[in-house]
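Following: one structure in structure tokens, then a few remarks.
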Amino acid sequence: MKKNEFPDQKLEQLTDHTTDNASQALTTNQGLKINNNQDSLKAGERGPSLLEDFILREKITHFDHERIPERIVHARGSGAHGTFKLNKSLAKYTKAKFLNEVGKETPVFVRFSTVAGSAGSTDLARDVRGFAIKFYTEEGNYDLVGNNIPVFVIQDAIKFPDFIHAVKPEPDNQIPQAASAHDTFWDFVSLMPESMHMIMWAMSDRAIPRSYRMMEGFGVHTFKFINEKGKMHFVKFHFKPKLGVHSVAWDEATKISGKDSDFHRRDLWEAIENGAFPEWDFGVQIIPEEDEHKFDFDLLDPTKLVPEEEVPVELVGTLTLNRNPDNFFAETEQIAFHPGHLVPGIDFTNDPLLQGRLFSYTDTQLSRLGSPNFHEIPINRSINTVHNNQRDGHMRQQIVKGKVSYEPNSIGGGCPFQAMLKDGGFASQEERVDGRKIRARSQSFVDHYSQAKLFYNSQSEPEKTHLQNALIFELSKVTIPAIRERVVGQLNFINKELAALVAKKVGVDVTKLKQPNGSIPADADPKTLQSPEKEPSTTSSDALSMKNTVKDTIKSRVIGFILENGVDGKDTSNLRSKLEREGAVVQIIAGSLAPVTADDGTVFEPKHSLTSTASVCFDALYIASGKKSADNLLNEDNRPGTLLFVNEAYKHCKAIYFGKQTDEIYNLSNVKNKKHEDPAIITADKKDSGNAFIKAVANHRVWELEKERNNPA
Ligand code: HDE
């Protein structure tokens, strides 16, 4: 489907603000047609420029002011328009209209992001990914500002600036960019035991996704659903990608950062342009109010998830992204999310992290977008008209008629008036709050290791290895031995074997570990502050391992066809059609960008040359059939590139299909020495080789063979 084939209210609203320059003359900002955009106005051809030149002044002044502050966190991101469709009514739990009527579609804009890096940093940083959704509902904007990891690093908003200062580049030298592998980050988390659960996630491959389209989204906090009768249920929000959850290897991530640091941004953009619309199942975990205290953790604690074994995720909707923005700045950069943008039927809980967020998001837009009128920027406008008595301010756009800008009033007939509950007026859910004013944390939050154990226990062996290696990499960058020691001390509470493995590589003697003390108030009883012995209520959860994710589709996977002149045209075209029928994207890679002529005269246009890209940018490789092509790929010029491609794809556990008469490439590459069965190495003589290849690509990687593939000799 083409762009703009999704008429919806939001699109119509945006269209009113969209300009198309096709067939139009250049004008100034005042609409004056410009006759000469090459030369400034001067006193003589070689003379000084004149102050009078209002065209030059306008152009340069605008340019001088065209940057705005980047987001303080989540600066690097990318977004798209789409739609949210409800497949099952949630009316039993919530009166939110967009969650009531089966089949209802709500326009959305989604922005994905990394957290720590600045706007120009690499997409492939080891980091949490933001997953923020603005639902343009008939009852106003609802924002679900979540992440791709279901838990957070701290329990209370007051620690957020500390955490972000610790992870951002260090203040004296601004090093390192978009990386947590440095002293201040590990110093902070080693003193904050509550961070350990999220650290497990952040050190896992979830933090280096293959694509934004292949990661989960979570609301993180527990929210409330309120139904028509006023009954409350707790709710956790989930988005599960239809393509499954997949990651890249860390070695690949570091290389992609060099080859194509826009990898995720490009992937999202191209998938949508190609009509391979990213899709997620939307699911909820519903918990009756009466069950609030049923769990052995606190539902208000954002460092805890609710295991799917304890409360299943009910899939009730589909999120689809189907239209790229027309203008990055106007849409993706200026969109302003806020967890406090609510609709009737959804409410907050007292999670102290969420409560702090409710202050921060409006505040930050004031410095980022520069005015309290940021809600009037087209991408931020709700689709229902705003009616209130707020007035004026920088860049005000709405023209509100009449004398009245106060309430109550009689002059304006009492309008705009307060809406009754039955007419969709919002009322916060009434809740009895009884307590002493106190600056303290609930004892029910004092469990910092049980779910970190749950996460680690739930990982498959290759995932555990990756997590260990990530910790080793990160801690090896920590220059202060005491910090490394403290982190290993924390790991020791999660899993002794993990701690020992890491300790060995980062120069820590586990036998001499002192107890990490955390940031314990002087008068606190340390025994109540940590609970290393506590075991999780669920010991292992399938939903937490990427091993158990969707692996039956090659839709939108990018497959590199390596070929040269003389390639077997029929074989190549057949495989290409077969893969494309399954929804994969085939890209031709040759020695140069010159068109390649096959043995039957077919001409293939390379998208890349062996030097302009690398195997890390592809999901799988096909070394195309044909002796002549293979010979050309091994000539003096192409040989290093060809072998590097194959060897790297092999090392990163990808599927490689060796076409007919490509034995020489096979024999010269590291694949030759494999001494084990490898379902992802396909040779043309294999029965049903095309389908075997498709299966291997769908399987993503043979992570379980990583050791063997990394030691090919
Ligand atoms: Fe955010 N966060 N956050 N955050 N956050 C921002 O808002 C903040 C937190 C998240 O694509 C900022 O407009 C505080 C949790 C996403 O535009 C800022 C606290 C979760 C995005 C802010 C948190 C998030 C942001 C920066 C602790 C997952 C990007 C720019 C109390 C549930 C949204 C902006 C986008 C952005 C503050 C914690 C997700 C400064 C104070 C937990 C996805 O307001």
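The values are calculated or read from the model by the stated rules, or taken from the named source; none is laboratory data. None of the values given here were measured: they were computed from a predicted structure. Cβ coordinates were reconstructed from backbone atoms using ideal geometry, including for glycine residues, and neighbour counts include every protein chain displayed.
In the range 252-305, the residue that is surrounded by the most Cβ atoms within 10 Å (Cβ to Cβ) out of those that are of a type in the set (D, E) and closer than 30 Å to T83 by Cα is D267. Return the residues of the range 335-358 that are assigned to a loop (DSSP other than H, G, I, E, B) and more than 8 Å from the ligand (Cβ to nearest atom); say none if nothing qualifies. G340, H341, L342, V343, P344, G345, F348, T349, N350, D351 - these are the residues of the range 335-358 that are assigned to a loop (DSSP other than H, G, I, E, B) and more than 8 Å from the ligand (Cβ to nearest atom). Here V603 meets the list (1) surrounded by 18 or more Cβ atoms within 10 Å (Cβ to Cβ); (2) at pLDDT 95 or above almost entirely, failing just condition (1).
Close Cβ contacts (under 7 Å, 6 or more residues apart or on different chains) running from residues in the range 151-180 that are part of a helix (DSSP H, G or I) to residues that are more than 10 Å from the ligand (Cβ to nearest atom) and of a type in the set (G, A, S) comprise V167/A116; V167/S180.
Whenever a residue of the range 313-338 is among the aliphatic types (A, V, I, L, M), its partners that are assigned to a loop (DSSP other than H, G, I, E, B) and more than 13 Å from the ligand (Cβ to nearest atom), lying with C-beta atoms within less than 7 angstrom and at least six residues away or across chains, give the pairs V316/N87; V316/K88; V316/L90; L321/F277; L321/P278.
Within 16 Å of the ligand (Cβ to nearest atom) and over 15 Å from V313 (Cβ atoms): does that describe H238? In short, no.
Here K59 meets the list (1) among the basic types (K, R); (2) in a loop (DSSP other than H, G, I, E, B); (3) modelled with pLDDT of 95 or more almost entirely, failing just condition (2). Checking each residue in the range 221-231 for being in contact with a helix residue (DSSP H, G or I) (Cβ under 8 Å, 6 or more places away or on another chain) and surrounded by fewer than 20 Cβ atoms within 10 Å (Cβ to Cβ) picks out only K231. The conditions of being within 16 Å of the ligand (Cβ to nearest atom) and not assigned by TED's automatic domain parsing to the domain that holds V167 are met by E70. Got at least one residue in the range 580-590 being part of a loop (DSSP other than H, G, I, E, B) and more than 30 Å from E463 (Cα to Cα)? For the range 580-590, residues part of a loop (DSSP other than H, G, I, E, B) and more than 30 Å from E463 (Cα to Cα): absent.
Take A116 and decide whether it is within 14 Å of the ligand (Cβ to nearest atom), among the small types (G, A, S) and in a loop (DSSP other than H, G, I, E, B). Spelling it out, A116 is indeed within 14 Å of the ligand (Cβ to nearest atom), among the small types (G, A, S) and in a loop (DSSP other than H, G, I, E, B).
Among the residues of the range 359-371, those identified as more than 9 Å from the ligand (Cβ to nearest atom) and without any contact (Cβ under 8 Å) to a residue 40 or more places away in the chain are L366, S371.
Could you tell me whether the range 32-50 includes any residue that is among the acidic types (D, E) and part of a helix (DSSP H, G or I)?
Of the residues in the range 32-50, the ones among the acidic types (D, E) are 39, 45.
Filter once more, so that each one left must be part of a helix (DSSP H, G or I): none.
The answer is no; no qualifying residue exists.
Name every residue in the range 579-634 that is more than 35 Å from the chain's Cα centre (by Cα) and of a type in the set (K, R), in order of residue number.
If we filter the range 579-634 for residues that are more than 35 Å from the chain's Cα centre (by Cα), which is where we start, we get 594-603, 625-634.
K627, K628, listed by residue number.
You will find that of K95, K85, K104, the residue that is surrounded by fewer than 24 Cβ atoms within 10 Å (Cβ to Cβ) and without any contact (Cβ under 8 Å) to a residue 24 or more places away in the chain is K104 and no other. Contact map, the range 265-294: residues that are over 20 Å from L99 (Cα atoms) and small (G, A, S) paired with residues that are at pLDDT 95 or above and part of a strand (DSSP E or B), Cβ distance under 8 Å, separation 6+ or inter-chain. Pairs shown: A276/V585. Please go through the range 142-162 and give me each residue that is within 29 Å of I377 (Cβ to Cβ), of a type outside the set (A, V, I, L, M) and within 13 Å of the ligand (Cβ to nearest atom), ordered by number. Across the range 142-162, the qualifying residues are D143, G146, N147, N148, F152, F160, P161.
Looking at this structure, is G219 modelled with pLDDT of 95 or more, assigned by TED's automatic domain parsing to the domain that holds N100, closer than 30 Å to V502 by Cα and of a type in the set (G, A, S)?
no
Of all residues in the range 315-332, none are within 14 Å of the ligand (Cβ to nearest atom), surrounded by fewer than 15 Cβ atoms within 10 Å (Cβ to Cβ) and of a type in the set (S, T, N, Q).
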